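The values are calculated or read from the model by the stated rules, or taken from the named source; none is laboratory data. These figures come from a predicted structure and were not determined experimentally. Cβ placement follows ideal geometry from the backbone for every residue including glycine, while neighbour counts extend to all protein chains displayed.
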Amino acid sequence: MIEVNQLTKRYGGVTAVNGLTFTVRPGHVTGFLGPNGAGKSTTMRMILGLNRPTSGSATVDGQPFARRRHGLRHVGALLDAGDAHPGRSAAAHLWALARSNGLPRRRVAEVLREVGLEGVARRRVGGFSLGMRQRLGIATALLGDPPVLLFDEPVNGLDPEGVRWVRGLFRRLAEQGRTVLVSSHLMSEMENTADHLIVIGQGELIADESRTEFAARGAGARVTVRTPDPDELAAVLTLDGASVRRDGSGVLTVTGMSAGRIGELAYERRIMLHELAPRTASLEEAFMESTAGHADYVVGGRR
């Protein structure tokens, strides 16, 4: 479990993270979202003890990560796919880390096999593509078989097969009872991967809830209703506080009211329904609406 409590980081007069509090629990994939400059990477670095907080705390399973003697046994992380020395082979890079963390040599072969790099184990990292370096970074995170894992933009550079593989990997890790925190700017990936979302903007918490609950915030959430009595139903729904748009063919598009409530009102007024189809906002729509006004950079220049 990762616990962040009133975490704050200032660089001179700039506040990168401001009083952030959240908990990442085991057993599901937690997406960590926010606009560019929101403070996601800074927060992850503070969780790992790479940046010192100005105030507040971040703990992993009850204590600061920096106190762990063999860190890779407790937390695995991919923050930058370019961290490996370009002159070393993939196997040599992993073996150096395994040795410093008291891990058996067999783990090097095991994780290289798991990420699909077994055939290039002796190639120098400098000759790897971005996708191969991402896989090596994931292998590094898995090396100590840790209960807690953090991944910052892990699908950058991966081809479609690699993206599908990494989705399945994160789900398997969560199903094993591990704590999995994944930062990404790709809403489609979070929609397909994350169970829970932590959303921040300008270093402050915007949302901490399930993916379904977050998507339901979006104004794109609406209900399509088809009825032989559109005028009567529209009047009933409007009176009850919904917004109703008609397309002239008996189809109503309703916002601000659930499908269940629409069905109840139609039943009470004996209005026949031919279709009642809720449409949840996409994760991207909900994200854009929730983070509006929280982005440091917008088209046309800095906010």
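Where residues in the range 1-42 are hydroxyl-bearing (Ser, Thr, Tyr) and out of contact with any Lys or Arg (no Cβ under 8 Å at 6 or more places or on another chain), which of them is surrounded by the fewest Cβ atoms within 10 Å (Cβ to Cβ)? Selected residue: 11.
Can you spot a residue in the range 81-92 that is part of a helix (DSSP H, G or I), at pLDDT 95 or above and within 28 Å of the chain's Cα centre (by Cα)? Yes, the range 81-92 contains a residue that is part of a helix (DSSP H, G or I), at pLDDT 95 or above and within 28 Å of the chain's Cα centre (by Cα). Residues of the range 217-228 that are modelled with pLDDT under 85 and loosely packed, with under 15 Cβ neighbours inside 10 Å: 219 alone. A residue that is at pLDDT 95 or above, within 29 Å of residue 193 (Cα to Cα) and part of a strand (DSSP E or B) occurs somewhere in the range 48-57. Kindly evaluate residue 177 against the criterion of being out of contact with any Ser or Thr (no Cβ under 7 Å at 6 or more places or on another chain), surrounded by fewer than 18 Cβ atoms within 10 Å (Cβ to Cβ) and not in a helix (DSSP H, G or I). So residue 177 passes the test.
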